[in-house]
Amino acid sequence: MVSATLKERAGNGVFGTVIACILAYLYLPILILVIFSFNDSSSLTLPLKGFTWQWYETLFNNSDLLQALRNSFYVAISATTLTLLIGVPAAFALDRIRFPGKTVFRRLVLLPLVLPGIITGISMLNLFKLVGFQLSLETVIIGHATALISIVVTQVFARLQRLNRSLEEAAADLGARPWETFFFVTLPNIRSALIGSALLSFTLSFDEIPVTFFLTGRDNTLPMYIWSTLRRGITPEINAVGTLIILGSLVMIVLSVSMLRPQDE
Amino acid sequence: MNRLSRDGLVRAIVCFTPILWAIAFMFVPYVIILTYSFWTKKFPTFLPDFQFGNYALIFFDPQYVSVLMRTGKIALFVTAAALLLAYPFAYFLVFRVKSAKVRGLLYMAVIAPLWVSYLLRAYTWKTILGNNGVLNSFLVSIGILDEPTDVFLYNQFSMVVTLTYIFIPFMVMPIYTALEKIPKNLIEASKDLGIGPWGTFWKVVWPLSLPGVIAGATFTFCLTFGDFVAPVLVGGPDGVMVANIITSQFGSALNWPLGSALAIVVLIIVLSIIEMSDRVQRAGRIDLA
């Protein structure tokens, strides 16, 4: 008995160490990124040289970067809206409507979940070139929306499958019109899936590179701007942008956790 | 009647938009790259054609064969490394952590990096592993190294470290879900029947968690296979992967037919892996209900 608990404790110790190592692996790099954004030296080497806001100041005076940031917001908000407008009906169609070619449609729509982004990127590039579309932020938006439908569909479809249909039937029996049933019964019930997939789509679009790389014209999004600066070399300014982006992600995580909690309980 | 036809109209609209979108922006583009993959390159443009020269080049030119092999090898290493780290982590969370709150928190801690920019997560490894990087300067300052070394960055090691770091959440999620579904009384039953912890693990827990392992491995492998950011940032000449070759065919090399053929090859590889993992999962499904 005693030896059993001892063994268990030893086991917990081993597991605890493994967990600590994995958490360190996950978070040390992010910590390092943040620390060097405040380091008073243009090279990213130890030992640290002292605290500075300098990299943030250069950042806020960099008009190219600020423009890229604005472009990214424009792209991410538009792409998220568009992908919801297509993805939500798609999830409903997959859940409730029988139509020819449904299996093919499902596979096609879900493909970008696992398909490398560059394939979505080049295939749409070919299309746009063929029909003579000028590459711009708008083509990027179409590309992002197409790739992100898979996210919306998986989340909303999973929620619809768990949805208790008798609620909708009850509403209909009580005389609610179909659109009333939809807006007052169905929609509130899939709210968490909608918000969750919208936040995730926004984050993924904001951060997207492979599709953007092929579909953008002269305008840059923020990741594309960072990407092109990186090829010229590493600067602490990138760490400063990075730290701000991480802060933004943190807000998104807190937002999604707190907005999704009440209904899930 | 009126109600019915209106219902039909709504249904038609609900189906119509997504189907139209999928045809216009997914199906047609895939057909276009498939078509291009048979064309010939004739500087400075390309000629419509139907020949398998591009595919022959990919499968017989050692240059392209070696890139495909290398991409597969790196994806395998990343999958293995992610599994080795993710499994004990998920196992510990499900079976050892008693408090549901701590469990939820630790789970979030692994998933949260997915929300942090993918580019930044690759970039930070470049700053850590580089010749003038954090790791080198640290090792020099504590006296382990006399001078900075090049061994950390621009090789396949740095690729595996970075890509594992980026994709590990995709491995943890399905394994955690699979482990969580295992009824605890099965484990107690195994214990009561006198089977030791190792036996219980190999005979009960591991087989029941396999669907999660397969799903995680499929995700990790496919995502790594098509990655083109990490090779540029931390890969160096030794770490060029197939996605980089595709990119250059559409850029400086200006050979869209060859790039399209490569894209089709990647598409087929990814689809076959998904199909395979689907089959294995279906064949091995154990009904616990």
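The values are calculated or read from the model by the stated rules, or taken from the named source; none is laboratory data. What you are looking at is a predicted structure, and each value in this text was computed from that prediction instead of being measured. Here the Cβ is made from the backbone with ideal geometry for all residues, glycine too, and neighbour counts use every protein chain on show.
Observations on the model:
- Note on segment A:93-132: among residues that are touching a Lys or Arg at 6+ places or on another chain (Cβ under 9 Å) and facing chain B (nearest Cβ under 7 Å), the one that is surrounded by the most Cβ atoms within 10 Å (Cβ to Cβ) is A:ALA93.
- Scanning segment A:208-221 for residues that are under 14 Å from the mean Cα position of the chain (by Cα) and surrounded by fewer than 22 Cβ atoms within 10 Å (Cβ to Cβ) yields one hit, A:ILE209.
- Per this entry, B:MET173 is not counted among residues that are under 22 Å from the mean Cα position of the chain (by Cα), within 22 Å of A:TYR27 (Cα to Cα), more than 13 Å from chain A (Cβ to nearest Cβ) and not in a loop (DSSP other than H, G, I, E, B).
- Count - residues of segment A:222-240 that are more than 11 Å from every other protein chain (Cβ to nearest Cβ), surrounded by 20 or more Cβ atoms within 10 Å (Cβ to Cβ) and not hydrophobic (A, V, I, L, M, F, W, C): 1
- Set side by side, the residues A:LEU135, A:LEU194, A:LEU160, A:LEU200 differ, and just one is surrounded by fewer than 22 Cβ atoms within 10 Å (Cβ to Cβ), under 13 Å from A:LEU84 (Cβ atoms) and touching a residue at least 60 places away in the same chain (Cβ under 8 Å), which is A:LEU194.
- Options A:SER192, A:SER166: the member that is in contact with a Lys or Arg (Cβ under 8 Å, 6 or more places away or on another chain), part of a helix (DSSP H, G or I) and more than 9 Å from every other protein chain (Cβ to nearest Cβ): A:SER192
- Selection from segment A:169-179 of residues that are in a helix (DSSP H, G or I) and exposed (fewer than 13 other Cβ atoms within 10 Å of the Cβ): A:GLU169, A:ASP173, A:TRP179
Residues are listed down the side, and each one gets a yes or a no for (1) basic (Lys, Arg); (2) within 24 Å of the chain's Cα centre (by Cα); (3) modelled with pLDDT of 85 or more; (4) surrounded by 13 or more Cβ atoms within 10 Å (Cβ to Cβ):
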position: B:TRP21; (1), (2), (3), (4): no, no, yes, yes
position: B:ALA56; (1), (2), (3), (4): no, no, yes, no
position: B:PRO88; (1), (2), (3), (4): no, yes, yes, yes
position: B:VAL97; (1), (2), (3), (4): no, no, no, yes
position: B:ALA109; (1), (2), (3), (4): no, yes, yes, yes
position: B:LEU120; (1), (2), (3), (4): no, yes, yes, yes
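- Matching helices (runs of 4 or more DSSP H) fully within segment B:191-285 where at least 2 residues are touching a Ser or Thr at 6+ places or on another chain (Cβ under 7 Å) and of a type in the set (Phe, Trp, Tyr): B:206-225
- Residue match in segment B:146-156 (condition: at pLDDT below 90, part of a loop (DSSP other than H, G, I, E, B), more than 7 Å from chain A (Cβ to nearest Cβ) and farther than 24 Å from A:ARG231 by Cβ): yes
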